[in-house]
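The values are calculated or read from the model by the stated rules, or taken from the named source; none is laboratory data. Note that the structure is predicted; figures quoted are calculated from it, not measured. Here the Cβ positions follow ideal geometry from the backbone for every residue, glycine too, while neighbour counts run over all protein chains shown. We work out accessible area using only protein heavy atoms, side chains counted, and drop any ligands, DNA or RNA first. Shrake-Rupley method; radii C 1.70, N 1.55, O 1.52, S 1.80 Å.
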Amino acid sequence: MSGTSLDGVDAAMLQTDGRQIFAFGDSGYRRYTDGEREVLRAALGRWPGEDVSAAETVILDAHAELLAGFPQAELVGFHGQTLAHEPRGRGTWQIGDGAALAERLGRDVVYDFRSADVALGGEGAPLAPFFHFACAQWMGASEPVAFLNLGGVGNLTWVDPRRAAPEEDGALLAFDTGPANAPLNDLVAQRLGLDCDRDGELAARGAVVDGALELFLQEDYFRRMPPKSLDRDDFSLMLDLVRELDDADAAATMTAMAATAVMLGMEHCPIPPARLLVCGGGRHNPVMMRMLSAGLDCAVEPVETAGLDGDMLEAQAFAYLAVRIMRRMPTSAPSTTGVAAPVSGGQIARI
């Protein structure tokens, strides 16, 4: 998995039949160099027909390098790198040549997970919810629980583990809550040359500016009913809202924007969840976690408290989805992406 935060590539082993999780295996991380990150950042927002060959090379080389350390994997799920996501317009586009990766690795590769969902009227995102359903059952959850991924964009999955299958009515509700780490990462990169506000140190020194937060919450996106999804840069105007603020106040305000977007999203849950399990880089930000805990009625915990790996959950999700696609099982449904009917997306590059 290479996400919108552009930090690097995650890889994780999973043993599954596409329904149950039998075992979690080894994992690894390959960080992008500063130069690679700049190449990828320059390609964001581009669509097919525009030259992204340099970014394609970065993605293929980085994934092949990392995945070479997993010779025991029988199948690879290759998400690629999202450059543009406009499901109600031009579609969705992830670069990454699955056939070229399969040839390098000598193993079958499943890729292009989102296009089929968008072609059938879905948002194409989020796609991890079917895996979250399996995780809730693996945990032995007996009442609704929610998963929050705080990557470049925030996305929420509400799960009722008492249902028999993820595509069943009432089993899932999923959607993007709003921006999460991406705009904050862009802020500290532009102002300070850093890749992120590590451990929320900058935000902890600042104060939330209510006026900027209120303007942010006027965005039409928050009034749309889920399922719904975002592109990484849909909220790029956030940077304009904090442009006049000092570094610490800007970081604190942007962190509050992401946290408040989650709070608004939680209002859509059919039944209040017993727990909100947080994964992705945002769970390492104590300021973000304190804001969520203060604003929500349920327990807010990193997914590690449930025995899961919050750094690798997205990579594990695409391993899980790859097996479902090989077995022609659905990977999204009306309640997760708004697609007309459950659909199994993806292409398969066979060796």
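Filtering Ala141, Ala134, Ala174 for residues that are within 24 Å of Gln20 (Cβ to Cβ), touching a residue at least 12 places away in the same chain (Cβ under 8 Å) and open to solvent by 10 Å² or more (accessible area, probe 1.4 Å) leaves a single hit, Ala141.
Scanning segment 102-120 for residues that are among the hydrophobic types (A, V, I, L, M, F, W, C) and part of a loop (DSSP other than H, G, I, E, B) turns up Phe113, Leu120.
Residues in segment 6-46 that are open to solvent by 60 Å² or more (accessible area, probe 1.4 Å), hydroxyl-bearing (Ser, Thr, Tyr) and assigned to a loop (DSSP other than H, G, I, E, B): Thr33 only. Scanning segment 60-79 for residues that are within 16 Å of Gly28 (Cα to Cα) and without any contact (Cβ under 8 Å) to a residue 40 or more places away in the chain gives Asp61, Glu65, Ala68, Pro71.
Of the residues that make up segment 311-327, is at least one in a loop (DSSP other than H, G, I, E, B), touching a strand residue (DSSP E or B) at 6+ places or on another chain (Cβ under 8 Å) and at pLDDT 95 or above? No, segment 311-327 contains no residue that is in a loop (DSSP other than H, G, I, E, B), touching a strand residue (DSSP E or B) at 6+ places or on another chain (Cβ under 8 Å) and at pLDDT 95 or above.
Among Ala203, Ala180, which is the only one that is surrounded by 20 or more Cβ atoms within 10 Å (Cβ to Cβ), touching an Asp or Glu at 6+ places or on another chain (Cβ under 8 Å) and not aromatic (Phe, Trp, Tyr)? Just one listed residue meets the conditions, Ala203. Looking across segment 265-313, the residues that are of a type in the set (Asp, Glu) and in contact (Cβ under 8 Å) with a residue 12 or more places away in the chain come down to Asp297, Glu301, Asp309, Asp311. Against the conditions (1) under 24 Å from Gly307 (Cα atoms); (2) in a helix (DSSP H, G or I); (3) not acidic (Asp, Glu), Gly154 satisfies every one except (2). Residue count for segment 300-310 satisfying the condition of being modelled with pLDDT of 95 or more and in a loop (DSSP other than H, G, I, E, B): 3. Only one entry of Thr82, Thr57 meets the criterion of being β-branched (Val, Ile, Thr), in contact (Cβ under 8 Å) with a residue 60 or more places away in the chain and either open to solvent by 40 Å² or more (accessible area, probe 1.4 Å) or outside any loop (DSSP other than H, G, I, E, B) (or both), and that entry is Thr82. All conditions in (1) open to solvent by 10 Å² or more (accessible area, probe 1.4 Å); (2) within 18 Å of the chain's Cα centre (by Cα) hold for Thr305, with the sole exception of (2). Of all residue pairs spaced 6 or more apart or on separate chains, those with beta-carbon atoms under 7 Å, a first member in segment 1-28 that is of a type in the set (Asp, Glu) and a second member that is part of a loop (DSSP other than H, G, I, E, B) and open to solvent by less than 20 Å² (accessible area, probe 1.4 Å) are Asp7/Tyr32; Asp10/Met312; Asp26/Phe70.
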